[in-house]
Structures are given as C-alpha cells and as structure tokens.
Amino acid sequence: MSEIDPEYVKHQYLYVPWTDKFDSFGVGKALARHVANHFRARLTVVCPQKSNAQWHDELAKLPIVTERTGTVVDGGVVLAFVPTRKVMAKVHHLSESIVIMVEDPSERFEAWARLVGAYNVLTRKVMSSGLSEAGTKALDGVVWEGYNGWHDSIAETMTIKHLRDLAESDGYDRAIVLEYVAQRKGEYALKRLEKILDTFERSVPAVA
C-alpha cells in the first residue's frame with residue numbers, strides 16, 4: 001500500500017468497495033496484511049470457494065473458510081474476499097474480530113457496510129445506515145414475523161405493515177432490509193422474504 005491511512009487500525013469493519021479507480025483486490029489484500037500485522041493477529045480468509053483465495057499467492061497459505069467448509073474463530077482479522085451472502089453468514093456472529101470486506105462487482109455489500117458502520121477506504125468516511133429508532137423497530141418487526149420463515153398469510157400481512165412503517169419513518173431501502181434480516185435469518189427464509197418485498201414494491205411503486 002503506497003499510503004497508510006491511520007484510520008485503518010481504528011475501526012472494527014473496513015469496506016473496500018468495487019471500483020475501477022484502483023486495484024481494489026490489491027488494496028484489500030494489502031490492507032488485511034497491514035491490519036493483521038499491526039495487531040499481531042491471525043488472518044483468516046472467507047470466500048465462496050478455496051480457489052478464490054488460492055489464486056492469490058499471498059492468500060493461498062492462510063486459513064481459508066468457504067461457503068461449504070469451516071468456521072471462523074472469533075478474535076482475529078477476517079478478510080471477506082469477494083464474498084457472497086452465504087459467505088457473510090460465516091461472519092455475522094463475530095463480535096471480537098476485525099472484518100475487512102473486499103467487494104466483487106457481481107454482488108455488492110454497501111448495505112452491509114452501512115449497517116455495521118464500516119470505514120470506507122475509498123471515501124475515507126465511516127458509513128451509516130441512518131436508521132432511526134422507529135426504522136429499527138420496523139425492521140425488528142420484519143425479523144420477528146419471519147420466526148416461521150414467512151410461510152403464512154398473517155406473517156406476510158404483518159411484514160408488509162412493518163415495511164410501510166419503515167417507508168414512512170426512514171424510507172424503504174430493499175438492500176438495507178435484506179441485509180438487516182440476513183444477519184439474523186437463514187438463506188431459505190430470505191428467499192421467501194424477497195417475494196414479500198416484491199409484493200410490497202408492486203403495491204407501493206414509489207418505494208421501489
């Protein structure tokens with residue numbers, strides 16, 4: 001890294017968004033090594049498949065956790081390298097780890113970065129979801145209604161009510177809703193929720 005931003009070691013979450021302004025993969029790899037060396041902490045890579053990391057010599061010899069194999073031990077530095085939603089499910093439970101997200105253009109994680117308050121290495125600003133108490137309450141209501149995977153009409157009706165409350169308080173942002181719920185629910189439940197969001201957006205076109 002040609003320039004070491006002192007903010008890199010002050011935040012639990014760092015976000016390297018995909019951009020054509022610089023080599024974001026190279027920056028992300030160097031940033032992960034810098035932070036791990038600074039704290040003398042173990043560095044673990046989480047990625048969709050081992051080949052995603054093994055393609056890069058500096059990552060190939062590190063512990064690698066994939067969508068299908070392994071778990072991340074809390075307390076070190078985690079490089080989420082070109083992750084998917086399944087990959088991030090391996091990260092959501094971590095409370096003591098520093099997480100560095102290196103985004104791939106095929107799947108964007110700005111909503112994740114906003115929700116966790118990540119430091120954006122491109123803009124050099126801490127990101128924010130902007131959620132108010134009312135907005136957070138509405139999202140918690142959505143999560144609550146999914147206790148059974150949103151598999152009944154009552155849950156769908158109540159979920160749409162909470163979405164309307166969210167739209168009226170903070171504004172509706174599909175990516176924020178999905179990311180907030182993804183940190184608390186499994187993949188299959190999310191697929192059902194996405195259908196409810198489609199229904200909601202059709203009923204209120206202005207929010208889509």
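The values are calculated or read from the model by the stated rules, or taken from the named source; none is laboratory data. What you are looking at is a predicted structure, and each value in this text was computed from that prediction instead of being measured. Reconstructed Cβ throughout: ideal geometry from the backbone, glycine too, with neighbour counts over all protein chains shown.
Couple of notes before you dig in:
- Restricting region 150-201 to residues that are surrounded by fewer than 16 Cβ atoms within 10 Å (Cβ to Cβ) and small (Gly, Ala, Ser) leaves a set whose member that is farthest from VAL87 (Cα to Cα) is SER153.
- Considering only residues in region 96-120 that are outside any helix (DSSP H, G or I) and under 9 Å from the mean Cα position of the chain (by Cα), the one that is farthest from ALA32 (Cα to Cα) turns out to be ARG108.
- Unique match (being touching a residue at least 40 places away in the same chain (Cβ under 8 Å) and in a helix (DSSP H, G or I)) among VAL91, VAL87: VAL87
- Restricting VAL78, VAL102 to those that are closer than 23 Å to VAL181 by Cβ, at pLDDT 95 or above and among the hydrophobic types (A, V, I, L, M, F, W, C) reduces the list to VAL78.
- Checked against the criterion of being modelled with pLDDT under 95, outside the structural domain of GLU110 (by TED's automatic domain parsing), part of a helix (DSSP H, G or I) and within 25 Å of GLY117 (Cα to Cα), the candidates LEU190, LEU139, LEU197, LEU163 yield just one match: LEU190.
- Which numbered condition VAL121 fails, given (1) more than 30 Å from LEU14 (Cα to Cα); (2) of a type in the set (Val, Ile, Thr); (3) in contact with a Pro (Cβ under 9 Å, 6 or more places away or on another chain): (1)
- Scanning region 121-136 for residues that are buried (at least 18 other Cβ atoms within 10 Å of the Cβ) and either assigned to a loop (DSSP other than H, G, I, E, B) or under 16 Å from the mean Cα position of the chain (by Cα) (or both) gives VAL121, MET127, SER129, LEU131.
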